[in-house]
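The values are calculated or read from the model by the stated rules, or taken from the named source; none is laboratory data. These figures come from a predicted structure and were not determined experimentally. No Cβ is skipped: glycine too gets one built from the backbone with ideal geometry, and neighbour counts run over all protein chains shown. Just the protein is used for accessible areas: all its heavy atoms, side chains included, with ligands, DNA and RNA removed. Shrake-Rupley method; radii C 1.70, N 1.55, O 1.52, S 1.80 Å.
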Amino acid sequence: MGKREDITDATLDLIDELGLQSVTIAQILKKAKVGSGTLFNYFRTKDELVHEVYRLARNKMGYSLLEGYDSTASLYERFTSLHRNRIRFGMKYRKEFLFSDSYSFSPYIPPELRNMDESGEIQEIMSVLSEGQKQGLIRDMDAKLCHQITYGIVASVLKGYYIQKYDLDEKREKETLEACWKAIKL
């Protein structure tokens, strides 16, 4: 692992432990075991560092959403594959999921980061939703709203899993995917 990755990993760990507003540069330096010159060689400001941590988390999630995805499968199979991958990403990368989820809705996030929603995996989700609407399988509402509804279900289930309200086993994963589908289907 390089110094840059040490810094971004330490920052994510501290955000998870303390909350974004409580994290200081001094804490990041100590946790990453680097000097201020090293940190500022990579990042001009704390905000720039936080933006990079967000970008890394979102990119990791994006790759995970498309893992094993078959664009030739049925609409329902594509829909559940994307959402299953989001659940599994959240189970494997709790810190990245939680930070990405909270920072996405922050008033401090710059427009270019907020517009990461236009990336490949989100375009694929929107494509599946639009195709489902054209086929008369999914409610005729804004595709972004459909996505937000299903994302909200997954995020809520993952947050319950994180605080150990329940185990997120294969049965509950299937129930969650079915709830997502039923929330937007006709």
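Here is how the numbers come out for the structure above:
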| quantity | calculated |
| --- | --- |
| Every residue from segment 131-186 that is polar (S, T, N, Q) and either touching a residue at least 60 places away in the same chain (Cβ under 8 Å) or surrounded by 13 or more Cβ atoms within 10 Å (Cβ to Cβ) (or both) | Gln133, Gln135, Thr150, Thr176 |
| Residue within segment 164-174 that is out of contact with any helix residue (DSSP H, G or I) (no Cβ under 7 Å at 6 or more places or on another chain) and closer than 24 Å to Tyr63 by Cβ present | yes |
| Single residue of Asp47, Asp13, Asp9 found to be among the acidic types (Asp, Glu) and more than 24 Å from Tyr162 (Cα to Cα) | Asp47 |
| Lone qualifier among Thr8, Thr45, Thr38 - being closer than 20 Å to Glu96 by Cα, open to solvent by less than 70 Å² (accessible area, probe 1.4 Å) and either polar (S, T, N, Q) or in contact with a Cys (Cβ under 8 Å, 6 or more places away or on another chain) (or both) | Thr8 |
| Residue within segment 113-130 that is open to solvent by 70 Å² or more (accessible area, probe 1.4 Å), at pLDDT below 95, over 21 Å from Glu67 (Cα atoms) and part of a helix (DSSP H, G or I) present | yes |
| Selected residue (criterion: nearest to Tyr108 (Cα to Cα)) from residues of segment 51-72 that are among the aromatic types (Phe, Trp, Tyr) and surrounded by fewer than 19 Cβ atoms within 10 Å (Cβ to Cβ) | Tyr63 |
| Lys30 being open to solvent by less than 70 Å² (accessible area, probe 1.4 Å), modelled with pLDDT of 95 or more and at negative phi | no |
